[in-house]
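Below is one structure. I have some questions about it.
The values are calculated or read from the model by the stated rules, or taken from the named source; none is laboratory data. None of the values given here were measured: they were computed from a predicted structure. All Cβ positions, glycine included, derive from the backbone under ideal geometry; neighbour counts span all protein chains shown.
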Amino acid sequence: MEKYIEKAGILIEALPYIQQLQGKTVVIKYGGSAMMSESLTEKILQDIILLKYVGMKPIVVHGGGNDINRMLDKLEIEPKFVEGLRVTDAATMDVVQMVLTGTINKNIVSNLCTLGGKAIGLCGKDANLITAKKLINASGVDYGYVGEVTGVNTKLLDILTSDEYIPVIAPIGTDEKGNTYNINADTVAGEIAVATKAEKLMFLTDTDGIRRDPKDPDSLIHIISEGEINEMIHTGQINGGMLPKVAGCIRALDNGVNRTHILNGTIEHPIILEIFTDAGIGTMVYK
């Protein structure tokens with residue numbers, strides 16, 4: 001009997017969070033090592049379906065860097081990164097588009113549908129979902145076909161999320177001339193959260209969240225302000241692949257998103273543990 005009472009207590013703990021988020025948009029950036037494990041993938045997708053069934057409007061933006069790197073390796077194309085962003089020449093762009101929109105996106109959609117959800121796979125080319133322009137780096141780095149978001153077709157997302165559907169978005173965009181751009185998935189998630197006036201933006205990563213010492217798991221910061229993040233960037237405590245994530249957090253917070261979260265996607269049910277428990281498991285960033 002005690003174990004059943006304990007389960008009831010867990011549900012009651014989640015109740016106020018379900019009430020607060022009823023009808024609200026939650027943008028989830030899904031990527032990293034969690035995508036490489038079938039068991040972890042199932043748990044994360046179950047979390048997303050649960051959000052939909054209790055009345056929220058989840059939108060999934062996915063990456064796929066590991067799969068892209070494997071395909072580049074097979075084609076003997078060496079990947080190159082600068083400040084956490086992939087330098088994308090024409091050959092790399094073809095691979096990025098093929099892997100993200102042709103393989104990963106459809107696998108996520110298929111898995112969500114198999115688990116009982118109703119998902120629709122999209123990229124920025126569909127109904128001009130994501131318009132973009134070439135990213136110009138302040139330090140003069142030419143990233144090639146790497147873009148930055150200039151617009152989001154929120155009407156399409158509103159139609160889908162207000163119905164039964166979970167949009168699953170690959171971070172590919174186009175400009176007015178039809179040029180295709182690879183856009184960092186963290187950046188796309190942040191821009192979609194801003195455009196849809198999301199209640200929450202969540203980044204699933206390979207670490208527990210933001211740490212004061214990146215090498216020390218015990219230095220995890222559970223709650224941090226935008227100002228503290230800027231200071232940690234200045235001191236170099238936040239660097240590399242974490243930079244686009246915190247940039248997405250700050251951009252979202254500055255433009256109306258109430259809460260942003262960075263959490264470990266390599267544990268079971270990370271979204272549920274972060275949203276529906278009092279303690280949470282990752283780092284919550286506030287303005």
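When only residues in the stretch 85-121 that are surrounded by fewer than 16 Cβ atoms within 10 Å (Cβ to Cβ) and among the small types (Gly, Ala, Ser) count, which is nearest to VAL60 (Cα to Cα)?
SER110
Then there's this: Just one of the numbered conditions (1) at pLDDT 90 or above; (2) more than 22 Å from ASN137 (Cα to Cα) is not true of ASP206; which one?
(1)
State yes or no: is THR235 over 15 Å from CYS249 (Cβ atoms), of a type in the set (Val, Ile, Thr) and modelled with pLDDT under 90? Quick ask: steps written out before the conclusion?
Working: over 15 Å from CYS249 (Cβ atoms): yes; of a type in the set (Val, Ile, Thr): yes; modelled with pLDDT under 90: yes.
Judged against the criteria, THR235 is a match.
If you check GLU176 against the conditions, is it in contact with a helix residue (DSSP H, G or I) (Cβ under 9 Å, 6 or more places away or on another chain), over 26 Å from ASN66 (Cβ atoms), among the acidic types (Asp, Glu) and exposed (fewer than 13 other Cβ atoms within 10 Å of the Cβ)? Working first, answer last.
Details: in contact with a helix residue (DSSP H, G or I) (Cβ under 9 Å, 6 or more places away or on another chain): no; over 26 Å from ASN66 (Cβ atoms): yes; among the acidic types (Asp, Glu): yes; exposed (fewer than 13 other Cβ atoms within 10 Å of the Cβ): yes.
Answer is no for this residue.
Taking the stated definitions as given, is ILE172 touching a Pro at 6+ places or on another chain (Cβ under 6 Å) and not small (Gly, Ala, Ser)? Give the derivation first.
Working: touching a Pro at 6+ places or on another chain (Cβ under 6 Å): no; not small (Gly, Ala, Ser): yes.
So ILE172 fails the test.
So, of the residues in the stretch 190-223 that are touching a Ser or Thr at 6+ places or on another chain (Cβ under 6 Å) and among the basic types (Lys, Arg), which turns out to be farthest from THR150 (Cα to Cα)?
ARG212
With (1) more than 30 Å from GLY9 (Cα to Cα); (2) surrounded by 22 or more Cβ atoms within 10 Å (Cβ to Cβ); (3) at pLDDT 85 or above as the list, and LYS245 as the residue in question, which single condition is left unmet?
(3)
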